[in-house]
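Down below is the structure, laid out as structure tokens.
What follows draws every value from the coordinates through simple rules; no lab data is involved. Only a predicted model underlies this, so the values are computations on that prediction, with no experimental measurement involved. Here the Cβ positions follow ideal geometry from the backbone for every residue, glycine too, while neighbour counts run over all protein chains shown.
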Amino acid sequence: MTIVKQFAKRSLTTFQRLRNRIAYESRCRKVPAVNLGQHQHVLIITVDCLRNDRISRTGYQRKTTPFLDSMNSFTPAIAAAPWTFSSVPSILTGLYPHHHGATYTDDSSRNQDLTNPPNGVRDDVYTVAELLGASGYETKFITSIGTAAVPIQGRFKFMEQYHDVDAETMLSELQQWWNSEAGPKFGYVQLGDLHEPLHEPEQMYFDEVPDIEEIDRWRFTSGDTQSEEFEDYRSARGLLYDTLVRYVDEQIKQTLKELIDIEETVVIVTSDHGEEFWEYKSFEEEYFEDSRGLSGVGHGHALVPPVIEVPIATNIEGIPTSESRRSLTDIVPTIFRELEADLSINFDGHPLQDRSAAGKPVLSEEIAYGPNQISVTDDDDHLIYIPMDDRSVLIDFESGEVTTDPELEQQLLEYIPRERETGTSVDISSDTQEQLSDLGYTE
């Protein structure tokens with residue numbers, strides 16, 4: 001296997017860091033004051049591409065996440081978008097993409113052209129980092145996935161962007177900053193170990209990963225998948241993914257042991273979206289159009305369950321156990337509920353502590369490839385709507401079976417947003433474009 005673990009350096013220049021800091025200081029003067037009853041530290045760790053059903057607490061066959069399983073609360077959730085660019089702003093604002101603005105301007109076919117990216121978060125929308133910053137918090141954003149940083153430039157006091165590095169390196173950066181800050185702090189870390197290209201960790205927690213050609217990259221992305229070669233590749237790719245999930249779980253556990261004041265910290269571990277392993281290949285080829293000609297793998301292309309169902313694990317006590325799927329927009333309201341905040345900002349999400357919010361329909365939207373899709377998930381009823389063609393398909397979330405129920409379909413269509421508010425235009429530097437291309441995004 002020709003997979004070499006790379007330890008790339010920071011990819012933001014001194015000028016880019018300075019520009020971010022200037023933008024942050026300028027925005028600070030506009031951020032509304034927030035009254036907090038508690039000034040606990042807050043930490044969000046987002047594991048890019050972590051799908052909910054690979055968490056061992058859900059009954060998965062491999063013990064992939066013993067540490068996450070041990071956290072006080074675990075909640076299945078629906079990602080607000082199937083790719084990082086639009087989903088991370090939802091994690092940080094408590095708003096769906098059509099409200100926070102990190103979207104395309106219309107629903108026509110997309111091909112995630114890095115020279116013409118979606119818009120950034122709207123100027124009049126504030127992230128949790130800015131709101132806490134207004135209350136005296138130090139804030140830092142660390143990512144190994146460039147699309148997480150682009151739409152939220154200037155929203156954190158400190159931002160660091162890496163490329164192609166592992167969880168140990170990323171979390172070490174967090175630890176150095178965290179343990180050097182005395183006052184209240186809010187940290188956000190985006191881990192990219194499960195995102196293409198995959199790297200083999202030093203320790204094999206399960207079976208040895210077979211030496212398969214290009215196992216670090218997506219193969220069999222179109223055409224026939226009935227060969228023995230495909231089956232060998234799919235099995236090995238799934239094993240490597242599970243091994244990396246276990247590795248990330250261990251790194252999170254070890255890091256939290258090393259962080260000072262962790263007992264006084266609200267910790268949330270989640271994912272911005274999941275990942276597909278050919279489960280809906282035929283379904284996508286029948287109902288959707290991917291501008292790349294791909295189907296069945298990765299993310300960003302279809303609002304199918306493996307791509308949009310993700311976990312929310314936290315150390316917050318008192319969150320009721322529920323089988324109902326919540327939304328990533330619930331994270332910010334949950335944090336402010338725990339901090340006993342008094343603020344007059346409306347969120348799309350609801351605190352996880354709120355029992356009455358369980359069972360409400362939740363949305364996902366803003367795909368990156370092909371005509372836009374918007375989904376509504378209500379228990380196991382999952383409707384996917386394609387605005388450009390004004391058509392929809394209804395499936396069972398658990399089985400994936402297409403169902404026919406015109407009355408139910410009309411009820412779910414009532415939740416579809418018909419308008420969007422777009423944010424400010426953003427630029428992607430040539431260096432960042434090159435890094436994103438290495439992650440599988442088109443140029």
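Using DSSP loop states and a limit of at most 10 other Cβ atoms within 10 Å to flag trypsin sites (Lys or Arg not before Pro), what is the longest stretch of the chain containing no flagged site? By the stated rule (loop sites, at most 10 other Cβ atoms within 10 Å), 30-417.
Between the listed residues 314, 386, 375, the Cα displaced farthest toward the positive end of the dipole of segment 292-414, a dipole computed from Cβ unit charges relative to the Cα centre, is found at 314.
Arranged from fewest to most other beta-carbon atoms within 10 Å of their beta carbon, 88, 362 become 362, 88.
Mind listing which chymotrypsin sites (Phe, Trp or Tyr not before Pro) in segment 388-442 are in a DSSP loop and have 12 or fewer other Cβ atoms within 10 Å?
none
Computed over the chain with a Gaussian network model linking Cα atoms closer than 10 Å, the most mobile of 180, 70, 282 is 180. Each Lys or Arg adds one and each Asp or Glu takes one away; over the other residues whose Cβ falls under 15 Å from the Cβ of residue 263, this sums to -3.
Only Cα pairs under 8 Å and 6+ residues apart enter the sum, and on that basis the relative contact order of the chain stands at 28 percent. Ordered from longest to shortest, the equivalent ellipsoid semi-axes for the chain are 30, 26, 22 Å, each the square root of 5 times a Cα gyration tensor eigenvalue. Scaled to the globular estimate 2.2 N^0.38 Å, the Cα spread of segment 251-298, given as radius of gyration, is 2.00.
Each Lys or Arg adds one and each Asp or Glu subtracts one; over the other residues with Cβ under 12 Å from the Cβ of residue 332, this totals -3. Given +1 at the Cβ of Lys and Arg, -1 at the Cβ of Asp and Glu and no other charges, the dipole of segment 133-214 around its Cα centre is 1100 debye to the nearest 20.
If R0 is taken as 30 Å, the Cβ-Cβ distance between residue 23 and residue 344 corresponds to a FRET efficiency of 0.75.
Quick one: Debye curve from the C-alpha atoms of segment 86-140, no solvent, what's log10 I(q)/I(0) at q = 0.16, 0.19 Å⁻¹? With no solvent term, the Cα-only Debye profile gives -0.55, -0.70.
Of the GluC sites (Glu not before Pro) found in segment 320-353, the ones in coil according to DSSP and having at most 12 other Cβ atoms within 10 Å of their Cβ are 323, 340. Close Lys pairs in segment 14-438 (alpha-carbon distance under 24 Å; sequence gap of 8 or more, or different chains): 12. Among the GluC sites (Glu not before Pro) in segment 249-304, none sits in a DSSP loop with a Cβ that has at most 13 other Cβ atoms within 10 Å.
Over all other residues within a Cβ to Cβ distance under 9 Å of residue 159, the charged ones net out to +4, with Lys and Arg as +1 and Asp and Glu as -1. At the listed q of 0.12, 0.14, 0.21 Å⁻¹, the Debye profile of segment 200-341, built from one uniform point per Cα, gives log10 I(q)/I(0) equal to -0.69, -0.87, -1.30.
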